[in-house]
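Everything below concerns the one structure shown next.
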Amino acid sequence: MKVSNLDELIKFRRYLHQNPELSRNEKNTHKKIYDFISRFNPDKIITNIGGYGLAAVYNGRISGPALAFRADIDALPIHEDSHLAHASKIENVSHKCGHDGHTAILAGLATVLHENRPKRGRVVLIFQPAEETLDGARKFVNDPKFNEIKPDYVFGLHNWRSEKENLVMLKSGRMSPAVTTMLVDLKGTSAHASRPESGICPYNSAVKIVAKAYELQNNRDMHSGDFSMTTLVHFVLGKNPGYGISPDDAHIAITLRAYKDSVLKKLTDQIENYITEVAKKEKLSNQNISYTDETIACTNNEKCCQIIEKAARENKLDVQYMETPMKGGEDVGYIINSSRQGGAYFHLGSGPDQSDLHEPDYDFPDRLIEPGIGIYNSIVNQILNSTDHQI
Ligand SMILES: [Zn+2]
Ligand SMILES: [Zn+2]
């Protein structure tokens with residue numbers, strides 16, 4: 001589809017790129033989205049949902065399903081390495097995941113809906129903060145304001161490097177894993193380095209715990225529903241510099257992922273039990289376990305994938321079904337899970353020459369804005385405007 005105000009959307013995207021804000025700090029981004037969307041007269045805009053989230057609602061003339069589209073809006077703590085005219089103005093903060101582009105696509109859908117309201121039901125545009133810290137979607141759906149916009153169906157996209165530009169990459173069922181990072185603090189007793197036997201250095205315990213966490217990862221075959229994966233991401237022993245001292249503390253962080261929330265729960269329980277067992281055996285004085293960067297899995301509804309496929313074909317875009325799900329965590333699962341019927345999250349290909357996500361020279365390709373809006377608009381037409389109701 002041709003988008004009449006594409007230049008304006010590109011300008012908006014580049015403004016966001018120049019003025020990025022970190023997860024949970026998207027105050028100006030929130031205001032700019034509000035200002036932009038307001039000009040296209042939604043029936044309602046709900047602000048400050050789960051932090052700096054917002055939602056714009058376009059009602060149809062008669063009742064029908066509530067259809068939500070989700071864009072993430074936050075940037076990353078990465079210094080931008082580019083000579084772009086619209087490069088980030090903020091030191092060590094930049095849009096290196098293309099959330100500025102996702103926001104522009106959703107803002108573009110608002111401009112289309114302004115002229116073509118849905119026939120029935122309603123469209124809810126969800127601008128979600130704090131995706132990179134994996135807590136934004138959870139806070140968004142737990143905010144009481146979410147009850148007002150609780151959708152029947154949810155769709156979302158992420159730009160993704162691909163063999164071919166504008167390729168729509170889809171996956172029915174498992175799409176992204178449940179993830180958590182387990183932080184383990186172990187405390188023993190320090191001693192002079194010449195008499196380590198008189199203290200309890202937690203090194204042995206730490207090494208055993210890491211080995212056990214790797215041993216317990218269930219099944220690295222990504223085709224399997226029982227897939228789980230362990231990655232050691234941090235390991236520190238003692239204070240630095242600690243010459244002459246046999247240390248009394250160790251700190252480990254282990255990221256765990258699985259496609260089933262139940263498999264991840266089982267893995268974390270097993271590691272927790274093992275930590276208690278080892279700490280007792282090694283006579284540690286204390287051990288503490290906490291979690292960070294957690295999200296549930298994202299599972300795509302088959303019917304919703306078929307709707308995306310049809311939308312892609314209507315826009316003359318190629319479709320490829322992904323053989324394996326993503327390995328990285330993505331918190332859109334909270335929003336999809338909170339809908340009444342489910343939804344689907346897909347990738348929109350940025351081509352083979354695009355820098356990878358989170359690389360210092362990455363910039364969202366503006367050429368994806370128009371096809372992104374086109375796909376979303378076709379989904380609206382299929383679910384809310386078609387006479388032979390698709391769902
Ligand atoms: Zn990212
Ligand atoms: Zn992202």
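The values are calculated or read from the model by the stated rules, or taken from the named source; none is laboratory data. None of these values were measured; they are calculated from a predicted model. Backbone-built Cβ (ideal geometry, glycine too); neighbour counts: all protein chains shown. Only protein heavy atoms, including side chains, enter the accessible area calculation; ligands, DNA and RNA are left aside. Shrake-Rupley method; radii C 1.70, N 1.55, O 1.52, S 1.80 Å.
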Next item on the list: Provide the percentage of antiparallel DSSP beta bridges, counting only those with both residues in the chain; round to the nearest 5.
Entry: 65
Margin query: Show log10 I(q)/I(0) for the chain at q = 0.06, 0.07, 0.09, 0.14 Å⁻¹, two decimals, from a solvent-free Debye sum over equal Cα scatterers.
Written below: -0.28, -0.37, -0.58, -1.16
Notebook entry, point to check: Restricting attention to the stretch 278-383, which trypsin sites (Lys or Arg not before Pro) occupy a DSSP loop and are surrounded by at most 10 other Cβ atoms within 10 Å?
Noted result: Lys283, Lys316
Next item on the list: Would you please classify the overall shape of the stretch 1-53 from the alpha carbon gyration tensor, given that a ≥ b ≥ c denote the square roots of the eigenvalues, rounded means a/c under 1.5, and beyond that prolate means a/b larger than b/c while oblate covers the rest?
Entry: oblate
Notebook entry, point to check: Among bridges DSSP assigns within the stretch 1-133, what percent are antiparallel (round to 5)?
Noted result: 55
Item checked: For the stretch 1-53, accessible area per residue (1.4 Å probe, heavy atoms of protein chains only), Å² -> 52
Checklist line | Flagged links, alpha-carbon separation over 21 Å, of Lys32/Lys89; Lys96/Lys171; Lys212/Lys283; Lys208/Lys280 | finding: Lys96/Lys171
Item checked: Per residue accessible area in Å² of the stretch 140-219, where ligands, DNA and RNA are left out and the probe is 1.4 Å -> 43
Notebook entry, point to check: Can you pull the Kirkwood radius for the stretch 182-240, inverse mean 1/r over Cα pairs, to one decimal in Å?
Noted result: 13.8
Check: For the stretch 295-349, with every protein chain kept in place, what is the accessible area per residue (1.4 Å probe, Å²)?
Finding: 39
Check: Hey, what's the per residue convex hull volume over the C-alpha atoms of the stretch 238-293, in cubic angstrom?
Finding: 91
Note to self: Run the numbers for Gln320 and Met222: contour at 0.36 nm per residue of separation, minus the present Cα-Cα distance, in nm.
What the structure shows: 33.5 nm
Notebook entry, point to check: In µm²/s, what is D for the stretch 86-134 at 37 °C and 0.692 mPa s, where D = kT/(6 pi eta Rh) by Stokes-Einstein and Rh is the Kirkwood radius from Cα pairs?
Noted result: 249
Item checked: Projected-area average for the stretch 1-143 over all orientations - Cα convex hull basis, square nanometres -> 8.6
Note to self: Applying a 10 Å radius around every beta-carbon, put 224-234, 124-134 in order of their mean neighbour count, most first.
What the structure shows: 124-134, 224-234
Next item on the list: Report, to the nearest whole %, how much of the accessible area of the chain belongs to carbon and sulfur atoms, 1.4 Å probe, protein only.
Entry: 47
Note to self: Please identify the DSSP H helices in the chain that span no less than 15 Å along the helix axis (Cα) and have a mean Kyte-Doolittle hydropathy of -0.5 or more.
What the structure shows: 99-115, 203-216, 369-380
Note to self: How would the stretch 138-198 be classified by its alpha-carbon gyration tensor: rounded, prolate or oblate, with rounded meaning a/c under 1.5 and the a/b versus b/c comparison settling the rest?
What the structure shows: oblate
Next item on the list: Select from the stretch 222-276 those trypsin sites (Lys or Arg not before Pro) which occupy a DSSP coil region and have at most 16 other Cβ atoms within 10 Å, ordered by residue number.
Entry: Lys239
Checklist line | Loop-located chymotrypsin sites (Phe, Trp or Tyr not before Pro) in the stretch 228-317, at most 13 other Cβ atoms within 10 Å (DSSP) | finding: Tyr243
Check: Using a simple charge model, +1 on the beta-carbon of Lys and Arg, -1 on the beta-carbon of Asp and Glu, nothing else, what dipole does the chain show about its Cα centre, in debye to the nearest 20?
Finding: 1020
Item checked: Highest average packing first - 201-210, 150-159, Cβ atoms within 10 Å -> 150-159, 201-210
Check: Past the 31 Å Cα-Cα mark, which pairs from Lys266/Lys310; Lys44/Lys265; Lys44/Lys266; Lys11/Lys44; Lys139/Lys187?
Finding: Lys266/Lys310; Lys44/Lys265; Lys44/Lys266; Lys139/Lys187
Notebook entry, point to check: Where is the GNM fluctuation largest for the chain (alpha-carbon springs, 10 angstrom cutoff): Ala75, Ala85, Ala55?
Noted result: Ala85
Item checked: Cα-based shape type of the stretch 308-391, given that a ≥ b ≥ c are square roots of the gyration tensor eigenvalues and the cut on a/c is 1.5 -> oblate
Check: Given Gln354, Cys298, Leu9, which one lies farthest toward the positive end of the charge dipole of the chain, if we put +1 on the Cβ of every Lys and Arg and -1 on the Cβ of every Asp and Glu?
Finding: Cys298
Margin query: Going by Cα centres, the stretch 142-192 and the stretch 98-140 are how many Å apart?
Written below: 17
